[in-house]
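The structure under discussion appears below in the form of structure tokens.
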Amino acid sequence: MGVFDDLQAGLDGLSGIDVNGGQAYCVDIVMCIDATGSMAPIIEEVKRNALAFCDKFHEQMDANGKNVETLRIKVIAFRDYGCDGAGAMAQSEFFVLPEQNEAFRSYVMGITATGGGDGPESALEAMALAMRSDWTTDGAKQRHVILVFTDASAVPLRDPSRTSNPTYPADMPASLADLGDMWAGESQELGGMPSGKSARLVLFAPSTSPWTDIQVWNNVWAAFSPAGKGLEDVDIDLAIQLLVNSVK
């Protein structure tokens, strides 16, 4: 698994510094979780990490003198429009934490690893849905974070074998470049992130396309597993450290 070496070297010096003069942050996190059958051996670990993420993030923000005014989290469980029909995509509303901890936990624990068939999954569609979330605009500062957990590659957007599924969303972007514009906040026609400056993306994915292509987008940190060997490890603590250090 990668450890974000290059980025880490540039961020180490920021730890423990409240560069915002005490300004409070409103943080939204959307977790895109691969819920296909191939994830069965590790889905429980991924779920445990998902449940632990928000508490650990809040603790690290506090430890670094950075105040979180509100923390919300949303979950998207994705499979494959090629074989899973209406079950290809399921998404929650935003849960406000810690007030809705139990509802969040119940939703995550209800995710089961099934379906997906062989090969790539509909992960890019999940990312597009995540980017179109009802992101917070409250507070003096915002952070809009997307986490992707997958052990597979992704089907190209609008792949004919998937768009033939009647449940496939008609408003999906046409290409990875269009998805990149959504990420940068440059595509109001397609929807997408409110601002490229507040957006952060963390990928726990295999070292293969399209994840290696997405790595060049701004504010993306990728923890890669060797291609073809699944999602071998999820370094949640390091991801949280990087996100906390990016709050400036």
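Normalising by the residue count of the range 77-171, find the relative contact order in percent from Cα pairs under 8 Å and 6+ residues apart. Relative contact order for the range 77-171 comes out at 38 percent. Shape class of the range 21-120 from the alpha-carbon gyration tensor: prolate, with a/c at 1.5 or above and a/b greater than b/c. With K and R counted +1 and D and E -1, the other residues having a Cβ less than 14 Å from that of residue 95 yield a net charge of -3. Which residues in the range 127-161 have a backbone N closer than 15 Å to a point placed 7 Å from the Cα of residue 93 along the Cα-to-Cβ line? Backbone N within reach: 134-136.
May I ask you to list the residues of the range 73-105 whose amide nitrogen lies under 14 Å from a point 7 Å from Cα along the Cα→beta-carbon direction of residue 24? Within reach of a label on residue 24: 97-98. Using C-alpha pairs below 8 Å separated by at least 6 residues, the relative contact order for the range 166-224 is 25 percent. In this simple spin-label model, placing a label point 7 Å from the Cα along the Cα-to-Cβ direction at both residue 189 and residue 56 gives a separation of 4.1 nm. Each residue in 204, 95 was given a count of other beta-carbon atoms within 10 angstrom of its own, and listing them fewest first yields 95, 204. Full extension of the chain between residue 112 and residue 215 gives 34.3 nm of extra length, using 0.36 nm per residue less the Cα-Cα distance.
Values in this text are rule-based calculations from the coordinates and carry no lab data. The shown structure was predicted, so the numbers you read here are calculated from the model rather than taken from an experiment. As a convention, Cβ positions derive from the backbone with ideal geometry for all residues, glycine included, and neighbour counts pool all protein chains shown.
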